[in-house]
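Values in this text are rule-based calculations from the coordinates and carry no lab data. It should be emphasised that the depicted structure is a prediction, and the values quoted were computed from it without experimental measurement. Cβ placement follows ideal geometry from the backbone for every residue including glycine, while neighbour counts extend to all protein chains displayed.
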């Protein structure tokens, strides 16, 4: 099992047939207040099985950033322990079990609501995979024919309302979406969806993703991680959204 640290501001690695590039930057909103970012990500691989999670701590929660870090790491670690055939029923059962385990672990430190965070993740091998999602943010799988499978953000009645892994009715808002063999996969927090996704999150906005994908595919992974971090933190991105921004890109390497 290889767990890549979610505490790194950016990573670029090739592991067990997957090219993995991720970056997270603190938004201007938190910088102005002298606060750390509330986003976190974790990603790991084990015998070709890839698990990745992006979490966004709730701004209204005192320890939302810590909740995001704990949730992302604990869920990835739990899902990497999967042994045996990955049937849809088995994977769904394990996803629920791992999120519940993360909730119980967080409860040891304090009240769940103080650690509120959204969650968007994926588990994949070469043949197929699944997104799992609570709250906003988004994930996209790209097939060989460029078809897109999207897991969309879920917001509440009001524009700033969403759902968290710490909610009492979290299972009612857990969405699991299957996808086939994917050439590339992305996960992002809501600070990125405003310029990376089309309206209503029906798919990606090629004005952002096309040049970014081309660079990530053609460039050394470590250099790509640094460049992605710079892109998310650039002035144009900050003008579109002053929220924290996390973007995780995974590409399946040729056998």
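Would you mind checking the radius of gyration and Dmax of the range 2-252 based on alpha-carbon positions, in Å?
16.5, 49
So what is the relative contact order for the chain, in percent, with contacts set as C-alpha pairs under 8 Å and at least six apart?
On the way: 595 pairs, mean separation 66.1, N = 255.
Relative contact order, the chain: 26 percent.
Hey, with R₀ at 30 Å, roughly what FRET efficiency would residue 210 and residue 3 work out to, going by the Cβ-Cβ distance, to 0.05?
Numbers: r = 31 Å, r/R0 = 1.04.
With R0 = 30 Å, the Cβ-Cβ based efficiency is 0.45.
Exposure proxy check: 189, 181 ranked by fewest other beta carbons within 10 Å?
Working: 189 33, 181 14.
Arranged by neighbour count, lowest to highest, 189, 181 become 181, 189.
If we count other beta carbons within 10 Å of each Cβ, what is the order of 229, 241, 105, fewest first? Please list the in-between numbers first.
Details: 229 22, 241 19, 105 14.
Sorted ascending by nearby Cβ count, the order is 105, 241, 229.
Can you put 98, 55 in order of Cβ neighbours within 10 angstrom, beginning with the fewest? Mind dumping the intermediate values first?
On the way: 98 25, 55 34.
Least to most surrounded, the residues fall as 98, 55.
Normalized C-alpha radius of gyration of the range 74-130, against 2.2 N^0.38 Å?
On the way: Rg = 12.9 Å, N = 57, 2.2 N^0.38 = 10.2 Å.
Normalised by 2.2 N^0.38 Å, the Cα Rg of the range 74-130 equals 1.26.
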